[in-house]
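Working notes, structure below.
The values are calculated or read from the model by the stated rules, or taken from the named source; none is laboratory data. A quick note: this is a predicted structure, and the numbers were derived from the prediction, not measured. We place every Cβ from the backbone using ideal geometry, glycine too, and count neighbours over all the protein chains shown.
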Amino acid sequence: MDAELFLSLVEGLGVDFFAGVPDSLLAPLCDTLYRRYGAKHRRHVVAANEGGAVGLAAGHYIATGRPGLVYMQNSGIGNAVNPIASLLHEDIYKIPCLFVVGWRGQPGIADEPQHRFQGKITVELLELLGIETFVLKKQASPDEAGAILAQCGALLEERRCAAVVVEKGALTQSEKADYRNGHSMARERALELILGAAGTDDIFVSTTGKASRELFELREKRGEGHERDFLTVGSMGHALMIALATAMERSERTVWCIDGDGAALMHLGGLRLAAGMDCPNLIHVVLNNGAHESVGGMPVAGGTCGFAPLARSAGYRTVSCAGSEQELAQELPKLLAGQGSRFIEIEVALGSRGDLGRPTVSPQEDLASLRECLK
Ligand SMILES: Cc1ncc(C[n+]2csc(CCOP(=O)(O)OP(=O)(O)O)c2C)c(N)n1
């Protein structure tokens, strides 16, 4: 069903505040909210992580007495577990909230490895958290959606939470939102320049989403194996901690963390930690496009921000910034020669190749070959 219609049904329940982290499967809903309000508006806020979205909905309820809607990919439920269980739940403040959850990895539907287990436990997990859960099926008619939302509305009236788990293709839209950022260098080209400058022994830990898919394909293009790369296919926002611990233990290898701005913001405390550890063989790269490009292009929390100043105040000792191929080619040798913990922000365009593939090596093969390479 059309996301506009879905939203108007939700609004009919008295829900007028929306917060979340975008998801490709929920892109019609995200685009509709963006077209109406942008991404940092009193009615619609893109959160840094899903737990933060729950906090925003709770704050909205405290201020207005009206429940908010929190949207997320099912991968994000984990980030929201704590505020659901210790803030919203009826044993504590009893704050109502409507969750709309994109169902990646739905049993019976082929999906990437990182979504399979999460997909299997999605409904059970929400119910375990005390949230009555309804499935919006792909073929759901507006009447069926209306009936589901009426039941959600009754729960919200009782100050209880409800969730609508959305099957792939259940929400549609006639027109995509127009996301842009004014940068010209493709993320894949930035990665190609980095691979060209890196040492042949260097390890790469890359973030969730298209950056990892591009790294994988660049290795193929360069006729190289994948044994030096850890593609953090799930666990968005944790690539930096994986890279940091690898670097601390393997001081003879340079470890690059290829991060996204959305992922870096999701767990921003990691930036301070990585900088504060002052690990000289760690290089933290943030590919900054101001957007969650891999899942449709919705802006990141708070909109575009400069990461180089953040990195500097967090304590990285060498900090660079590049906004074009020429600048990146100039900055990379300086970065490699830099002292202490190192950081580079690279401003990249939105978009990716239309024919971008997905890793053909399984996560367990990826880990096994990296472990072998580190022996
Ligand atoms: C905890 C969690 N929330 C949401 C997602 C869905 N998701 C996958 S990639 C992505 C966007 C990543 O944005 P960014 O790090 O800025 O990289 P970009 O896609 O822009 O290159 C999102 C939201 C996820 N995988 N995990």
*Test T207 against the stated conditions and say whether it is β-branched (V, I, T) and out of contact with any Phe, Trp or Tyr (no Cβ under 8 Å at 6 or more places or on another chain).*
yes
*Restricting attention to the stretch 238-254, which residues are in contact with a strand residue (DSSP E or B) (Cβ under 8 Å, 6 or more places away or on another chain) and in a loop (DSSP other than H, G, I, E, B)?*
R250, R253, T254
*Could you please give the count of residues in the stretch 277-311 that are within 24 Å of the chain's Cα centre (by Cα) and over 25 Å from K40 (Cα atoms)?*
4
*From the residues in the stretch 37-57 that are farther than 19 Å from G14 by Cβ and of a type outside the set (A, V, I, L, M, F, W, C), which one is surrounded by the fewest Cβ atoms within 10 Å (Cβ to Cβ)?*
K40
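With respect to R213, is the statement that it is basic (K, R) and either more than 23 Å from G351 (Cβ to Cβ) or away from the ligand (no atom under 14 Å from the Cβ) (or both) true?
no
Listed here are the residues, each with its yes/no results for (1) over 17 Å from the mean Cα position of the chain (by Cα); (2) modelled with pLDDT of 95 or more; (3) under 17 Å from L367 (Cβ atoms).
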| position | (1), (2), (3) |
| --- | --- |
| S184 | yes, yes, no |
| L195 | yes, yes, no |
| T207 | no, yes, yes |
| R213 | no, yes, no |
| E217 | yes, yes, no |
| L231 | no, yes, yes |
*asked:* Looking only at residues that are crowded, with 23+ Cβ neighbours inside 10 Å and not β-branched (V, I, T) in the stretch 198-208, which one is farthest from R371 (Cα to Cα)?
replied: S206
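In the stretch 170-181, is there at least one residue being farther than 21 Å from D31 by Cα and either surrounded by 19 or more Cβ atoms within 10 Å (Cβ to Cβ) or of a type in the set (D, E) (or both)?
No, every residue in the stretch 170-181 fails to be farther than 21 Å from D31 by Cα and either surrounded by 19 or more Cβ atoms within 10 Å (Cβ to Cβ) or of a type in the set (D, E) (or both).
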*Would you kindly identify the strands (runs of 3 or more DSSP E) lying entirely within the stretch 256-375 that contain at least 2 residues that are within 16 Å of the ligand (Cβ to nearest atom)?*
282-288, 342-347
